[in-house]
Amino acid sequence: MSNKKVLSALVRNHPGVLQRVSGLFYRRGYNIETISACATENPKFTRMTMVVVTNDELEMSQIIRQLSKIQDIRRIAILDERKAIYSELMMVKFKCQPKHRTEFLNLTFRNHMNVVYIGDSTAIVTVSGSPEDLDAILEKFAAYPIVEQTRTGLSAMEASDRPFVEMDDAEFIN
Amino acid sequence: MKLNGSDIICEVLLEQGVDTVFGYPGGAVLNIYDALYKYSDRITHILTAHEQGASHAADGYARSTGKTGVVIATSGPGATNLVTGIATAMMDSIPMVAITGNVGTPALGKDSFQEVDITGITMPITKHNFIVRDVEVLAPILRKAFRIARSGRPGPVLVDVPKDVTAKFAEFVSEQPKDKVAYEADDSSIAKAVRLINNAKCPMIYAGGGVISANASQQLLALAEKADMPVSCSLMGLGGFPSDHRLYCGLIGMHGGYGSAMATDNCDLMLVVGARFSDRVAGDAKAFAKNAKIIQIDIDAAEFDKNVLVDLTIRGGADDVLAKLAKEVDKADHAEWVEQIAKWSDEIHCTQDDGDNATPEAIFAQLNQLMRPEDIVCTDVGQHQMWTAQMYHFQQPRTFVSSGGLGTMGYGLGASIGSQVGNPDKRVVLITGDGSFHMNLNELTTLASYDLPIVVLVMNNRVLGMVRQWQKLFYDRRFSHTDPCRKTDFVKLAEAFGVTGMRITKRDEIEETLKAAFAKNGPVVIDCQISKDINALPMIPPGAGADKIITEMN
C-alpha cells in the first residue's frame, strides 16, 4: 500500500454527509480508491474509511486539512499502517462446471472462504481480508473464470486499547 | 412561548443582532414574509429586483459593515438565483446566511412545483448548509448557521426551510449568541516569527482579505511601522493599509505595481497575512518571493502549503497574531530598502492619455479629491475594477467592496445597495463597466424605490474591455464577441428607472459632473464615455514574473 493512505473519519450521521466528502474529493481532483461508510456503536455517528491514492505528502496533508473543514466531520486521521487492521469483504461468482466442483470446494476451504450459493455452473463465495490477501486469493482461482465480483471497500481500525475518538455529542443537532 | 417557524426565524434573526435583510418573496416563503410584516418595526427588509441582486446586496452589506449579511429567497428559481451570490461570498470568505423556502416536506423529492434540491446544489459553494425538516430544530440550526458563518474563516451558510416547517409551532426560548471562539496562536511560532523579522534586512508584508475580515488594520499598521516593513495589499486586502503611507507599495499581483513586484522578487522576508497566494498574485507559484523566507499567518490551516510552500506558518486570527508580533518585534529602520521600492515604483508609469477626452485616470484623480476616507467604493469585474484598485486612494478597511476570487460580473450594483443600506451616512460610489452593468442593471429600480444616493460611474468603452485586452495580448487581436455593438443610452436608461442620468465625455466635464451628482443626494448614473483602447496596465501575464511586466499596449 505504498502510494495509498487509509483515512478514517468519524462523521455526524446526517443524510448527505457522504456527498459532502465525495464531492470534496471530486472537485479538488483528489484520487480516491474506495470509500465506505457504515453505522457505529453510536447511532449519531458514521464511520468512514477512505483509501486515497497519492505519493505526495503535501497533497495528503491538504486532503486532511480540507476534509477537516467539513462541518460534519468530527475527527479524521491517517491510520498508521503498522498499527492498523484492515479488512474488506469480497463476494465472487465463479464459473465452475460440476465436474470441477470438488476441486473448487477444496480450494475455497483451504482459503477460509464461505460458499454461499452453488448453481448449475456457478458458485458464489465470500471472503474477507486485507486487499492484498484478497488479490492473492483471486490469483489462486485463475482457473475459474469470474462471472461477477464485488468488494465492499476497506474497513479499518487502529490496533490499540484507546478508541479512535470519544463520541461526544454535546454539539449535536439535527 | 409557542411560535410558528416563521416567527422563530424572525426571533433568531433579532437574537443574532440582525436588523436588515435582503430578499424577494414567493410561494414557499409566504409565511416568512407574513412574519416579516409583523416584525417590520424591528427588521428592515430590502426588496430587490432579482434574487441575485439580493444575494450581492447581503454580501456588500457584510463586507462594508462587518456584520453577517442575510438574504431570503423562495424555493426553486428563487433559490437558484442566489447561487452566484453565494459562490461570490464563499470565494471571498464573506459571512452570509441565506434562508430559502422549499416545498412542504411531504412534497419534497416529488419534482413538485418550484422544487429544487438547493442544499445539493450549494454544497460546494457554502461553508455548510442545512435543510430543516422539523420545526423543533429550526432555532438551533439557525443559530448554528450564524455561528458557522462568522467563526474561523467566515463564509456563507444556507438554511433551506420547507413551507410546512415555517407554519408549524414549536416552543421557543431566546438565547444569547455565543462568543466567537478565539484561536490563540502558539507562542513558539510567534517567537520564531519575531526572530525572522528582527533578522531581516529587506522584509515586506503581503496583506490580504484576512486583515479586513479580522478587523486587524490597526495591528497591521502598528507592526509595519515598528518593524519598518513595506506593505503590499492583494485586491481583497485593499483598504487594510492606508495608501498614502510611506510604507505602502501598492497592489500586488497581475495588475499590481512594479514596486510591489520587485519588492516581492527581492525581499529576504515576506510576512503573509490572511492571503492565499492566488494565481492572480503568485502567477508563478514556484518563483514567488524566491529569495525570501516566508511566514504565513492564516486562520484556516488548509491555506498553508496549498499554493506556495512557506517556511513558517502561524495559525490564528490576523488581529491577535499581528498584535503579538507588533509587541514583540524590535523597532527597526529599513529606510534604504523602503527607498529602493519607491524608486522601483517610480520607474514605471502607465499613463494613457486621450487628448481632451475623459480617461479613467482623470476620473479617479477627481474622485480621490471628492471622496472622504470613510466613503465606500464598490466595483464590478473587469478593467474598471483594476483601474479602481490601482488608482483609487483607499484609506480605511471595509471601504472597497469588490468580487475578488470569483470575479463576478454583475456583482457591483447589488453590492452597492447593501453597502449603502448598511452605511446610510457614508457616500457609496459604484465603479462599473458597460459589460458588467448590463448584466444586472435591473437593480437600478431598487435604487429608485429606496432613494439610495448611490452614484454609479459606468466606464463605458462599448466593449468587453478586459477580455478584449487579453485578445489583444494573447489572441493576435481576434476580437471574438467582445464588441457587442450595443446602442444603450445610459442616461435615458437611468431616467426610465426614475434615476438621474448624467454623462461625461470630455476631461473638463469630470469635476463639475461628479460634484453635481454628489449634490443630488439621490441615485445617479453617470455614463463616462472612454476610449476602448485604454487598457488595465501594468500587467504581468499569467504564470510570469516581474521581468515580464507589460507597461504599454496597442
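All of the numbers you see were taken from the coordinates with simple rules; none came from a lab. Since this is a predicted model, take the numbers as computed values, not measurements. Don't worry about glycine lacking a Cβ; one is built from the backbone with ideal geometry, like all the others, and counts go over all protein chains shown.
Across chain A, the volume of the C-alpha convex hull divided among the residues equals 146 Å³ per residue. Take each residue in A:19-27, count the other chain C-beta atoms within 10 Å of its C-beta, and the mean is 2.
Computed over the stretch B:417-554, the Cα gyration tensor eigenvalues convert (square root of 5λ each) into semi-axes of 31, 17, 15 Å, ordered from largest to smallest. The distance separating the Cα centre of the stretch B:1-70 from that of the stretch B:489-534 comes to 33 Å. Direction-averaged projected area, Cα convex hull, the stretch B:128-199: 6.8 nm², rounded to one decimal.
Take each peptide in A:10-17, B:182-189, count the other Cβ atoms within 10 Å of every residue, and average; sorted highest first, the result is A:10-17, B:182-189. Roughly speaking, what % of Cα-Cα pairs in chain B are separated by over 33 Å, rounded to a whole number? Roughly 44 percent, once rounded to a whole number. The per residue volume of the convex hull around the alpha-carbon atoms of the stretch A:4-78 is 76 Å³. Full extension of the chain between A:L18 and A:E103 gives 26.4 nm of extra length, using 0.36 nm per residue less the Cα-Cα distance. Based on Cα contacts under 8 Å between residues 6+ apart, the stretch B:187-347 shows a relative contact order of 31 percent. Quick note on the stretch B:1-75: its Rg to Rh ratio, both from C-alpha atoms and Rh being the Kirkwood radius, is 0.96. Among the aspartates and glutamates, select those whose C-alpha is under 14 Å from the C-alpha of B:K506, and discard any that sit fewer than 8 residues away in the same chain. In chain and number order, the partners are B:D353, B:D354, B:D356, B:E361, B:D527. A protection proxy built from the mean count of other Cβ atoms within 10 Å ranks the segments A:149-158, B:26-35, most packed first, as B:26-35, A:149-158.
Ellipsoid fit via the Cα gyration tensor, the stretch B:65-192: semi-axes of 30, 18, 11 Å, each the root of five times an eigenvalue, largest first. Each of B:I118, B:H50, B:N357 was placed along the dipole of chain B (beta-carbon charges, centred on the mean Cα), and the one lying farthest toward the positive end is B:I118. Remark: C-alpha extents of the stretch B:258-322 on the principal axes read 30, 20, 18 Å, sorted largest to smallest. Kindly flag which residue pairs out of B:K492/B:K515; A:K99/A:K140; B:K472/B:K548; B:K293/B:K331; B:K192/B:K327; A:K93/A:K140 have an alpha-carbon separation exceeding 25 Å in this structure. Violating the 25 Å limit, Cα to Cα: no pairs. Set the Cα radius of gyration of the stretch B:187-347 against 2.2 N^0.38 Å, with N its number of residues, and you get 0.90. Each pair of Cα atoms in the stretch B:274-376 enters the Kirkwood radius, and Stokes-Einstein at 10 °C and 1.306 mPa s then converts it into a translational diffusion coefficient of 89 µm²/s. Here the 3J(HN,Hα) profile of the stretch B:168-180, calculated from phi with Karplus coefficients 6.51, -1.76 and 1.60 at θ = phi - 60°, is 6, 9, 8, 6, 10, 10, 5, 9, 7, x, 6, 5, 4 Hz, Gly and Pro shown as x. In the protein assembly as shown, a dipole from Cβ-located charges (positive for Lys and Arg, negative for Asp and Glu) runs towards its positive end, and of B:N215, A:P98, B:G259 it is A:P98 whose Cα lies farthest in that direction. Translational diffusion of the stretch A:85-161, estimated by Stokes-Einstein from the Kirkwood radius over alpha carbon pairs at 10 °C in a medium of 1.306 mPa s, is 122 µm² per second. Going toward the positive end of the dipole of the protein assembly as shown, with +1 on Lys and Arg Cβ and -1 on Asp and Glu Cβ, which of B:P162, B:A516, B:I540 do you reach last? Farthest towards the positive pole: B:P162.
This model, with +1 at the C-beta of Lys and Arg and -1 at the C-beta of Asp and Glu, gives the protein assembly as shown a dipole about its Cα centre of some 1200 debye. Close amide-amide hydrogen proximity is noted between B:I550 and B:M539, B:I540, each under 5 Å apart and 5 or more residues distant or on a separate chain (H modeled in the peptide plane; Pro and chain starts excluded). In terms of its C-alpha gyration tensor, the stretch A:39-113 comes out prolate, because a/c is 1.5 or above and the ratio a/b outweighs b/c. Run a plain Debye calculation on the protein assembly as shown (Cα atoms as equal point scatterers, no solvent) and give log10 I(q)/I(0) at q = 0.06, 0.08, 0.11 Å⁻¹, rounded to two decimals, same order as the q list. Values returned for q = 0.06, 0.08, 0.11 Å⁻¹ are -0.43, -0.73, -1.21. Across the stretch B:453-530 the C-alpha pair distances fall into 10 Å bins from zero in the proportions 18, 39, 26, 15, 2 percent.
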